[in-house]
There are 2 protein chains.
Amino acid sequence: MLKTNIKKQLMAIVGQERFFDDDETLVAYSYDGYVVESRPDAVLFPLATEEVSEIMKIADQHRVPVIARGGGSNLTGGTVPVEGGIVLNFTKMNRILEVNTGDRFTVVQPGVINANLQKELSKVNYFFPPDPSSMGFSTIGGNVAENAGGPRCLKYGVTGDYILGMVVVLASGKVIRTGSCNVKDVTGYRLSSLFCGSEGTLGIITEVTLRIVPLPESYRTIVAYYNNLADTAETVKAVLAQGIIPTAMELMDKVTTNLVEDNAGLGLPREFEGMLIIEVDGVSEAVSSQAEKISKIAKSFGAIEILEAKSSQERESLWKARKSVHGVLSKLAPNCVTEDATVPVSKVPEMIIGVRAILDRHNITAGIVAHAGDGNIHPVIITDTRDTEEWSRVETAAAEIFKLAVELRGTLSGEHGIGLAKKQFLPLVLDENTRELMSVVKKALDPAGLLNPGKFV
Amino acid sequence: MLKTNIKKQLMAIVGQERFFDDDETLVAYSYDGYVVESRPDAVLFPLATEEVSEIMKIADQHRVPVIARGGGSNLTGGTVPVEGGIVLNFTKMNRILEVNTGDRFTVVQPGVINANLQKELSKVNYFFPPDPSSMGFSTIGGNVAENAGGPRCLKYGVTGDYILGMVVVLASGKVIRTGSCNVKDVTGYRLSSLFCGSEGTLGIITEVTLRIVPLPESYRTIVAYYNNLADTAETVKAVLAQGIIPTAMELMDKVTTNLVEDNAGLGLPREFEGMLIIEVDGVSEAVSSQAEKISKIAKSFGAIEILEAKSSQERESLWKARKSVHGVLSKLAPNCVTEDATVPVSKVPEMIIGVRAILDRHNITAGIVAHAGDGNIHPVIITDTRDTEEWSRVETAAAEIFKLAVELRGTLSGEHGIGLAKKQFLPLVLDENTRELMSVVKKALDPAGLLNPGKFV
């Protein structure tokens with residue numbers, strides 16, 4: 001609980017109507033999309049950079065932790081206030097401040113929901129490429145702090161590739177402005193890149209300038225079904241080997257399609273071991289020839305059935321199957337843990353077979369989906385953390401999955417971040433000197449350790 | 001001059017044959033592509049990360065500055081040892097350690113020349129997109145440390161967008177390994193992004209893992225000539241407004257084409273005010289339709305003559321005109337200063353007119369070339385720094401150009417960096433808090449200030 005004088009000072013900044021410390025609110029902000037819970041002392045809804053700066057100054061003075069939070073969809077416990085403190089909920093700082101198609105950038109507040117930004121941009125025939133599966137409710141601020149990915153990052157790259165500039169409130173409450181609206185800008189250190197992916201541990205992002213891209217002229221979306229899961233992954237490798245970079249190549253295994261069918265009834269065929277969605281976008285003439293090549297490759301790698309979306313409705317319904325996985329599976333049990341170990345694409349067949357073997361060995365119910373084109377594998381594990389025996393098996397399996405990924409030259413996390421879930425595994429990929437340097441950076445920017453404490457650094 | 005005992009210790013690491021402190025060598029390393037000169041105390045040619053680490057430990061112990069250097073083509077004095085010390089010449093650490101087309105990355109030592117990497121990659125139908133005009137002699141280490149750009153960054157992005165991982169020797173001599181070979185990797189802070197563009201002030205890069213891209217199926221290269229310079233820039237805006245992102249859109253003004261013709265005789269027409277080279281690449285069907293659209297747009301904006309390269313020879317000869325500008329102009333006078341202020345593309349017409357007016361007002365001989373598609377404007381000024389009156393006019397003009405760029409929402413440098421040339425202008429774009437944060441980062445990573453001291457931070 002915050003001391004009365006601190007509470008008073010904070011209330012003076014945001015007013016009573018944007019300050020909460022009732023039990024119900026504190027419980028609601030004690031968790032995110034992962035399984036750990038810990039209550040904050042207060043939840044504030046700032047409206048402006050200046051307010052965040054004032055709040056941060058008070059927090060600094062009284063040594064109170066501050067945790068920035070967007071949609072709360074983090075899958076690694078990144079927004080859980082493990083040491084209490086103030087949660088800054090950015091959902092009211094959700095304005096799109098500028099959309100500049102001539103110069104291809106947009107300036108947004110951190111609380112803008114990704115899908116809402118897409119909607120606004122589509123009105124002027126533009127889009128923001130990063131499309132995490134949470135885009136319907138996750139915010140740009142969260143996307144940036146986690147360096148979020150998504151299916152179409154295969155072609156377009158991740159969130160960090162689209163950041164031109166930022167306004168950030170530092171641990172001291174000082175405000176900095178990094179970058180600009182220019183794609184080429186080598187004026188000083190690339191500080192925006194440092195805050196991106198720092199999971200709220202280095203500064204509080206209060207404004208972002210993002211590069212935007214013209215909507216492609218057309219899409220072609222192909223679905224291929226296989227009797228052998230490894231063949232889906234081999235198809236992915238072969239498509240890339242031909243020099244084709246699709247927008248996305250998404251893989252789902254039989255367990256996943258059947259769990260989705262059981263619970264959402266989308267009409268997916270149940271009998272196949274693997275399903276692959278491949279989408280290409282671009283100039284009409286180009287995507288047609290690419291789609292033909294992809295179908296041929298899929299066939300040559302054993303695809304039993306190949307469908308192509310004939311309309312944008314059909315395209316959307318194909319994507320619905322993929323996008324509904326997390327939502328559907330998370331309703332099947334009290335907890336749903338989605339891992340996101342990543343391997344080089346050539347290792348995807350080996351990784352998928354290995355992950356399924358690990359899950360089976362530990363008798364764990366999980367679907368496997370993957371952004372296969374960039375090696376980002378998601379075992380979606382449905383479990384109950386209260387069942388300590390089962391949860392211990394889940395933890396063992398996760399550790400084995402990380403170890404396998406690293407053995408295959410991969411990494412712990414492709415897009416979900418480290419947060420609490422993977423902090424103990426960092427030494428698998430980062431040696432002591434590198435972890436020490438991260439602490440040096442953290443200490444330099446946040447000497448009192450107030451920004452999202454208790455996390456990976 | 002280094003003390004005898006330090007010299008002995010360094011020689012024990014690299015051997016006599018890779019240690020130099022004779023006058024001739026020290027003079028040769030006292031300058032780069034800018035106009036400032038200052039001698040180092042010694043020049044060493046390391047062969048391995050371990051050697052760099054050992055050298056750095058000795059430098060740290062004795063508080064000797066260390067300056068990393070690749071091809072020495074830096075245009076802002078970034079590699080000039082203004083406080084003396086040890087220059088590490090990386091040109092002998094020039095091996096390509098791995099080319100992995102299946103997983104689309106390459107691992108290189110920092111001394112690999114950009115063009116040599118391109119040559120090796122082209123053998124397996126891949127390329128590394130960043131293509132600074134210095135690519136024939138600049139190294140990947142330098143490209144990374146400067147976050148280099150180039151013409152085709154319009155479509156493909158800058159060097160920083162292609163870095164997957166790094167090995168870096170810190171100021172203490174400790175070695176860290178950041179990132180991996182995975183495109184999606186959110187495992188800890190994005191330290192590679194911090195070292196990229198840090199101009200050798202935060203650490204010494206000794207290995208880089210880079211993302212590579214399949215060579216496009218085909219190119220179309222168009223040249224358009226205009227009677228009015230602003231029309232070239234309007235064409236650039238209009239092409240982008242149609243949602244076409246060419247590989248490159250390069251602009252040259254009449255002064256430039258005539259200076260090139262006077263001195264290289266490439267057969268360029270001399271009468272036009274502006275020349276625009278536009279290139280598209282990709283799937284054959286797509287580039288054909290894009291090339292047609294571009295020709296139409298150029299015509300509608302007043303292009304008098306429009307040519308298209310009919311062969312790869314013709315394509316190369318068109319590019320030769322552009323790529324020879326710096327080389328030709330730098331031979332016309334003792335000094336050649338290339339600025340690279342950058343503005344949003346919508347402001348390119350205004351910027352080009354403004355820059356020409358500034359140059360004329362100060363009676364300065366200069367061509368204007370531009371990576372117009374990304375707003376990166378290069379006035380190429382030919383001058384003689386010994387003529388103090390003229391040099392003072394050049395400095396005044398440069399200051400006015402930077403001010404104009406910032407007024408137009410642009411920035412000081414698109415791809416050349418800050419180095420010595422622009423350090424005094426940083427406050428134009430970065431406020432006090434942001435500059436202070438850069439110092440905090442510098443101090444945390446290099447407490448004794450040994451890495452490339454006297455530069456922008």
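The values are calculated or read from the model by the stated rules, or taken from the named source; none is laboratory data. Here the structure is a predicted model, which is why all the values come from computation and not from measurement. Cβ atoms come from the backbone with ideal geometry, glycine included; neighbour counts cover every protein chain shown. We work out accessible area using only protein heavy atoms, side chains counted, and drop any ligands, DNA or RNA first. Shrake-Rupley method; radii C 1.70, N 1.55, O 1.52, S 1.80 Å.
Answer yes or no as to whether A:Val52 is more than 19 Å from A:Pro130 (Cα to Cα), touching a Leu at 6+ places or on another chain (Cβ under 9 Å), part of a helix (DSSP H, G or I) and modelled with pLDDT of 95 or more. Answer is yes for this residue. Would it be correct to say that A:Ile245 is hydrophobic (A, V, I, L, M, F, W, C), out of contact with any Phe, Trp or Tyr (no Cβ under 7 Å at 6 or more places or on another chain) and open to solvent by 10 Å² or more (accessible area, probe 1.4 Å)? Yes; evaluated as a whole, the condition is true for this residue. Pairs linking a residue in segment B:238-251 that is in the same structural domain as B:Ile278 (by TED's automatic domain parsing) to a residue that is in a loop (DSSP other than H, G, I, E, B) and of a type in the set (Lys, Arg), with Cβ atoms under 8 Å and 6 or more positions apart or on different chains, are B:Leu240/A:Arg104; B:Thr247/B:Arg152; B:Ala248/B:Arg152. Among the residues making up segment B:14-29, those that are open to solvent by less than 50 Å² (accessible area, probe 1.4 Å) and farther than 30 Å from B:Thr385 by Cα are B:Val14, B:Gly15, B:Arg18, B:Phe19.
Tell me, yes or no, whether segment A:287-301 has at least one residue that is closer than 21 Å to A:Leu259 by Cβ, touching a residue at least 60 places away in the same chain (Cβ under 8 Å) and within 14 Å of chain B (Cβ to nearest Cβ). No: segment A:287-301 contains no residue that is closer than 21 Å to A:Leu259 by Cβ, touching a residue at least 60 places away in the same chain (Cβ under 8 Å) and within 14 Å of chain B (Cβ to nearest Cβ). Here B:Val236 meets each of (1) over 19 Å from B:Ser317 (Cβ atoms); (2) open to solvent by 10 Å² or more (accessible area, probe 1.4 Å) with one exception, condition (2).
Looking only at residues in segment B:415-435 that are within 8 Å of another protein chain (Cβ to nearest Cβ) and not in a loop (DSSP other than H, G, I, E, B), the one that is surrounded by the fewest Cβ atoms within 10 Å (Cβ to Cβ) is B:Asn433. For B:Lys7, the conditions (1) without any contact (Cβ under 8 Å) to a residue 60 or more places away in the chain; (2) assigned to a helix (DSSP H, G or I); (3) open to solvent by less than 20 Å² (accessible area, probe 1.4 Å) are fulfilled apart from (3). Of all residues in segment A:442-454, those that are within 14 Å of chain B (Cβ to nearest Cβ) and without any contact (Cβ under 8 Å) to a residue 24 or more places away in the chain have Cβ atoms under 9 Å from Cβ atoms of residues that are surrounded by fewer than 19 Cβ atoms within 10 Å (Cβ to Cβ) and assigned to a helix (DSSP H, G or I), 6 or more apart or on another chain, in A:Lys443/B:Ala444; A:Ala444/B:Val440; A:Ala444/B:Lys443; A:Ala444/B:Ala444. The helices (runs of 4 or more DSSP H) found wholly in segment A:148-261 and carrying at least 2 residues that are closer than 30 Å to A:Ile304 by Cα occupy A:153-156, A:229-241. Taken over segment B:181-200, residues that are in contact (Cβ under 8 Å) with a residue 24 or more places away in the chain, at the interface with another protein chain (Cβ under 7 Å from one of its Cβ atoms) and buried (at least 24 other Cβ atoms within 10 Å of the Cβ) amount to 6.
Can B:Asn143 be described as surrounded by 24 or more Cβ atoms within 10 Å (Cβ to Cβ), touching a residue at least 12 places away in the same chain (Cβ under 8 Å) and at positive phi? So B:Asn143 fails the test. Among the residues of segment A:166-180 satisfying the criterion of being polar (S, T, N, Q) and closer than 18 Å to B:Phe456 by Cβ, which is surrounded by the most Cβ atoms within 10 Å (Cβ to Cβ)? Out of the qualifying residues, it is A:Thr178. Within this structure, A:Ile205 fails the test of being among the hydrophobic types (A, V, I, L, M, F, W, C), open to solvent by less than 10 Å² (accessible area, probe 1.4 Å) and more than 8 Å from chain B (Cβ to nearest Cβ). Being within 14 Å of another protein chain (Cβ to nearest Cβ) and modelled with pLDDT under 90 is true of B:Gly243.
Per-residue answers, yes or no, for (1) surrounded by fewer than 22 Cβ atoms within 10 Å (Cβ to Cβ); (2) within 14 Å of chain B (Cβ to nearest Cβ); (3) in contact (Cβ under 8 Å) with a residue 12 or more places away in the chain; (4) outside any loop (DSSP other than H, G, I, E, B):
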| position | (1), (2), (3), (4) |
| --- | --- |
| A:Tyr31 | yes, no, yes, no |
| A:Glu37 | yes, no, yes, no |
| A:Lys57 | yes, yes, yes, yes |
| A:Thr76 | no, yes, yes, no |
| A:Pro81 | no, no, yes, no |
| A:Val87 | no, no, yes, yes |
| A:Asn94 | yes, no, yes, no |
| A:Thr106 | no, yes, yes, yes |
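Any idea which residue in segment B:385-395 is farthest from B:Lys422 (Cα to Cα), counting only those that are open to solvent by 10 Å² or more (accessible area, probe 1.4 Å) and under 23 Å from the mean Cα position of the chain (by Cα)? Looking at the filtered set, the residue picked out is B:Thr385.
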